[in-house]
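K.L.:
Could you have a look at this structure, given as structure tokens, before my questions?
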Amino acid sequence: MANSNRKKTRKLHEAKQAKKAEDTKKEKSVRKAKADIEKPIKYTVTAEQLDDGTFKFNGGKSVFNITMQKNKALEPYGKCIHNYGVLLELIPGDKQTAINQQIGNARVVHNDYLSKRIDYYKESKETMTVSKYKKDYLPALKEEKEYLKDTDKFVYENACRNVDDAYSRFFKGLFGFPKYASKTKPNGNSFTTNFTNNNIELKMVDGIPHVKLPKIGYVRFILPKGKTLADIQPHGVSIKAATVSRESNGSYRISLRMESVIDKPVFPTVINAREIISVDLGLKEFGVFGNLEESIPVPNPRWIQVHAKRLRRFQQSLSRKQYDHKTHAGSKNWEKARAKVAKEQRKIADQRRDFHHKLSRTITDNCVAFICEDLAVKNMMKNRHLSKSIASVGWSQFLTMIQYKMERAGKYFRKISRWYPSSQTCGCCGYKNTDVKDLGVRKWICPKCGTWHDRDVNAQQNIYKLGVKMLQDEGIKIIDGRENRVQF
């Protein structure tokens, strides 16, 4: 009797799940239909080429999709907009108090808007837009808290936009409900301001590089080795926004969002087979790169293991210091110990980022098409035995770097389905060996054709074949050739 009740409950649950999935599918189709019948975009931005080769844009001040508008205006010139970021280390000096004030003010407005928006929805069942908050609530908050008047309007606007974007991601099912900004978390230790009337600029003051910020003034920054201001901001490149963040180890960084006009990338329609690279990412090796003729394993640097001993010692020292979990306040020695832990963790992140940048640049320069798997890293992180190693290797960051570098250079970046059994499929006869699901099986012999396989090399070549087929289905011609070999 108990078993029959369980079966009935299970069937009822499955029926509910199936109905929920069907309703979601219908809702998505309705949204898509509505999007298809929306009015066409009205382009209001115009571009004018100046004598020095740069471009001047007119109109579109209140347009949200400004990049799309500019790209449309640049089409007759064969140009397009290229947005990228520049990360610099700040030396705040006597400006540290002013920077902290801006960060704190942004955090106050972020939390106030989130709180007001939640209350407003409970009362009226309507959404409080950013414009409504800025008009009806922000002026009163400034009168109540006088120190908020010392910050420019773009900081508050961006703080509200961050909350609004968080709501959008929540409704799309990408993230959880928006959270309040905290002084002990990264979301409460930064502020973003926009460029207008030359309020953000890079300048040499007494031979020392400085960045000008609104309401703060000139702040010194560290010029990267071998670089000049002209290298950071070349002729024709403009600064669109700046984000100043306070790191967990007490240092300060500024991220500049740059905009330049470049030649529109032209993607080739004929590709040499040797100019296509595929990769099978892993943990034992960072990845096996190559094509059907050569496979090159790249060792996994294992940054966390390199720093594990020092990091463990610093964390043990931190745990022994006095800390109040209710007020989130620690002793001076606790702050010193926390800074050491944060500094060591930042070393790990910087080394990983440097490795990813150099390897992705090498790959981009040596191929025309790159094929990889669409990895579900978030789901893989749920494996408690492998989560630390997966976090250390940083696959998502690496693939993101390759993607934007390839697309910027007019080259192809393609992902195959994550469900394709690349490791289990024999590259010669297509036999699927389910025993290879065991990660401990590194070498195996195909029971059907007797071919000996290295697990990672076989997966890399299977990914290559499927990627080539994907490119051919798009109408791209693949030719065979014996040109230069790929080197890493």
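K.L.:
Starting at 0 and stepping by 10 Å, how many percent of the alpha carbon pairs of the range 51-109 end up in each bin?
P.N.:
The distribution over the range 51-109 is 16, 27, 22, 26, 8, given as percents.
K.L.:
Moving to a separate point now. Running Debye on the range 410-482 with equal point scatterers at the Cα sites and no solvent, what base-10 log of I(q)/I(0) appears at q = 0.14, 0.17 Å⁻¹?
P.N.:
Values returned for q = 0.14, 0.17 Å⁻¹ are -0.51, -0.69.
K.L.:
Given the alpha-carbon gyration tensor of the chain, what are the semi-axes of its equivalent ellipsoid in whole angstrom, ordered largest first, with each equal to the square root of 5 times an eigenvalue?
P.N.:
The three semi-axes for the chain are 42, 32, 29 Å.
K.L.:
Further, regarding this structure: Based on the alpha-carbon gyration tensor of the range 219-262 and its eigenvalue square roots a ≥ b ≥ c, which shape applies: rounded if a/c is under 1.5, prolate if not and a/b is larger than b/c, or oblate?
P.N.:
Here the range 219-262 falls in the oblate category.
K.L.:
What fraction of the DSSP beta bridges in the chain is antiparallel, stated in percent and rounded to the nearest 5?
P.N.:
If we restrict to bridges inside the chain, about 85 percent are antiparallel.
K.L.:
Still on this structure, please answer the following. To one decimal place, what orientation-averaged projected area in nm² is obtained for the convex hull of the Cα set of the range 156-250?
P.N.:
Here the figure is 8.7 nm², rounded to one decimal.
K.L.:
Oh, and also: Starting from the 7 Å offset along Cα-to-Cβ, what nm value, one decimal, do you get for the label separation of residue 253 and residue 153?
P.N.:
Simple spin-label model gives 3.1 nm for this pair.
K.L.:
Separate question: What list of ³J(HN,Hα) couplings, whole Hz, do you get for the range 181-191 from phi and the Karplus terms 6.51, -1.76, 1.60, once you set θ to phi - 60° and write x for glycine and proline?
P.N.:
For the range 181-191, the Karplus curve yields 6, 10, 5, 9, 10, x, 5, x, 10, 7, 8 Hz.
K.L.:
What is the Cα centroid distance between the range 303-349 and the range 86-105, reported in whole angstrom?
P.N.:
Taking the Cα centre of the range 86-105 as reference, the centre of the range 303-349 is 23 Å away.
K.L.:
Now for a separate question. Take every Cα-Cα pair in the range 303-451 and report what % of them are more than 18 Å apart.
P.N.:
Of all Cα-Cα distances in the range 303-451, 73 percent exceed 18 Å.
K.L.:
Counting C-alpha atoms alone, how compact is the range 222-347: give Rg to one decimal and Dmax as a whole number, in angstrom.
P.N.:
Calculated on Cα positions, Rg and Dmax stand at 22.9, 65 Å.
K.L.:
Sticking with this one: For every helix of n ≥ 4 consecutive DSSP H residues, a contribution of -39,500 (n - 2.57) applies; sum these over the chain, divide by its total residues, and give [θ] at 222 nm rounded to the nearest 500 deg cm²/dmol.
P.N.:
So the helix-based figure for the chain works out to -14000 deg cm²/dmol.
K.L.:
Just the number: Rg to Rh for the range 73-173, Cα atoms, Kirkwood Rh, two decimals.
P.N.:
Taking Rg over the Kirkwood Rh, I get 1.10.
K.L.:
If I stretch the segment between residue 143 and residue 477 completely, what's the gain in nm (0.36 nm per residue apart, minus their alpha carbon distance), one decimal?
P.N.:
Taking 0.36 nm per residue and subtracting the Cα distance, the gain is 113.7 nm.
K.L.:
Past the 27 Å Cα-Cα mark, which pairs from 79/378; 122/142; 179/378; 309/336; 56/95; 134/185?
P.N.:
Pairs exceeding the cut-off: 79/378; 56/95.
K.L.:
Work out Dmax and Rg for the range 345-433 from the C-alpha atoms and quote the Rg first, both in angstrom.
P.N.:
Gyration radius and largest Cα-Cα distance of the range 345-433: 15.3, 47 Å.
K.L.:
Another one. Of the lysine pairs in the range 214-288, how many meet both conditions: Cα atoms under 28 Å apart, and a spacing of 8 or more in sequence or different chains?
P.N.:
Taking the range 214-288 as the scope, the lysine pair count is 6.
K.L.:
Which far-off residues, 5 or more places away or on another chain, put their amide H under 5 Å from the one on residue 55, with H placed in the peptide plane?
P.N.:
50
No lab work stands behind these numbers, since they all come straight from the coordinates. The shown structure was predicted, so the numbers you read here are calculated from the model rather than taken from an experiment. Every residue, glycine as well, gets a Cβ built from its backbone with ideal geometry; the counts of neighbours run over all protein chains shown.
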